[in-house]
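Asks: Here it is: the structure, laid out below.
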Amino acid sequence: MPVYKMPHLRGWAVAGGLAVLPAIGRNEVLLLDTVTWREAGRIAVHGQPVFAIAQPGGRRVWVNFAFPDNDTVQVIDLPSRRIVKELKPGRAVLHMEFTARGEQVWISSRDDDAVIVYDPASFAELARIRAEKPSGIFFTSRAFMTGF
């Protein structure tokens with residue numbers, strides 16, 4: 001299938017002994033065992049994934065998608081390898097970022113001029129912050145972390 005947005009080099013997550021990689025040109029994420037680096041499975045998702053980010057605690061991974069499916073975020077439970085939630089934060093979801101302790105996840109919706117804040121435990125929307133064409137979200141808690 002056509003590739004509309006190439007996943008970034010840091011577009012994959014490591015959690016629960018697995019690396020979760022966006023599959024370029026496919027509607028799935030790839031699972032790699034972090035000990036052997038062999039494929040451990042695949043999970044079908046909503047569209048072509050761009051970012052897979054690990055929720056603090058290592059149980060869930062949040063995934064966003066390339067155009068034309070970029071209004072959606074899916075949450076994958078790694079132990080069961082199932083999608084447990086699908087959110088529609090807004091048009092052109094570009095980036096997602098957890099707060100330092102993981103009590104919130106902030107999601108940018110460029111085409112809706114908003115940053116949406118969710119509670120990752122209940123998936124409730126906590127706030128919608130007006131922002132002109134937001135893209136990346138960069139909290140100071142990761143300012144000195146290598147590889148992010």
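The values are calculated or read from the model by the stated rules, or taken from the named source; none is laboratory data. Worth saying up front: this structure is predicted, and the values here are computed from it rather than measured. As a convention, Cβ positions derive from the backbone with ideal geometry for all residues, glycine included, and neighbour counts pool all protein chains shown.
Asks: Which one is surrounded by the most Cβ atoms within 10 Å (Cβ to Cβ) among residues in segment 51-69 that are more than 23 Å from D33 (Cβ to Cβ) and in contact (Cβ under 8 Å) with a residue 24 or more places away in the chain?
Replies: Looking at residues that are more than 23 Å from D33 (Cβ to Cβ) and in contact (Cβ under 8 Å) with a residue 24 or more places away in the chain, I get N64.
Asks: Something else about it: Every residue in segment 57-97 that is within 18 Å of V14 (Cα to Cα), of a type outside the set (A, V, I, L, M) and over 12 Å from the mean Cα position of the chain (by Cα), please.
Replies: G57, G58, R59, D77, P79, S80, R81, R82
The rows are residues; the columns are (1) closer than 20 Å to V105 by Cα; (2) modelled with pLDDT under 95.
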{"residue": "V3", "(1), (2)": "no, yes"}
{"residue": "R10", "(1), (2)": "yes, yes"}
{"residue": "A15", "(1), (2)": "yes, yes"}
{"residue": "E28", "(1), (2)": "no, no"}
{"residue": "L31", "(1), (2)": "no, no"}
{"residue": "F51", "(1), (2)": "yes, yes"}
{"residue": "K88", "(1), (2)": "yes, no"}
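Asks: Tell me which residues, restricted to segment 109-148, are part of a loop (DSSP other than H, G, I, E, B), β-branched (V, I, T) and at pLDDT 95 or above.
Replies: Scanning segment 109-148 gives no hits.
Asks: Please go through (1) at positive phi; (2) in contact with a helix residue (DSSP H, G or I) (Cβ under 8 Å, 6 or more places away or on another chain) for L94 and return the number of the only condition it doesn't satisfy.
Replies: L94 satisfies every listed condition except (1).
Asks: Tell me which residues, restricted to segment 57-84, are assigned to a loop (DSSP other than H, G, I, E, B) and touching a Lys or Arg at 6+ places or on another chain (Cβ under 7 Å).
Replies: A66, F67, D71, T72, L78, P79
Asks: Of a type in the set (A, V, I, L, M) and not in a loop (DSSP other than H, G, I, E, B): is that true of A100 in this structure?
Replies: In short, no.
Asks: So, one more: So which pairs qualify, if the first residue must be in segment 106-130 and over 19 Å from F67 (Cβ atoms), the second must be assigned to a loop (DSSP other than H, G, I, E, B) and among the acidic types (D, E), the Cβ gap must be under 7 Å, and the two must be at least 6 apart or on different chains?
Replies: These pairs meet every condition: L126/D119; R130/D113.
Asks: Scan (1) over 18 Å from A13 (Cβ atoms); (2) of a type in the set (G, A, S); (3) surrounded by 13 or more Cβ atoms within 10 Å (Cβ to Cβ) for the single condition A40 breaks and write down its number.
Replies: (1)
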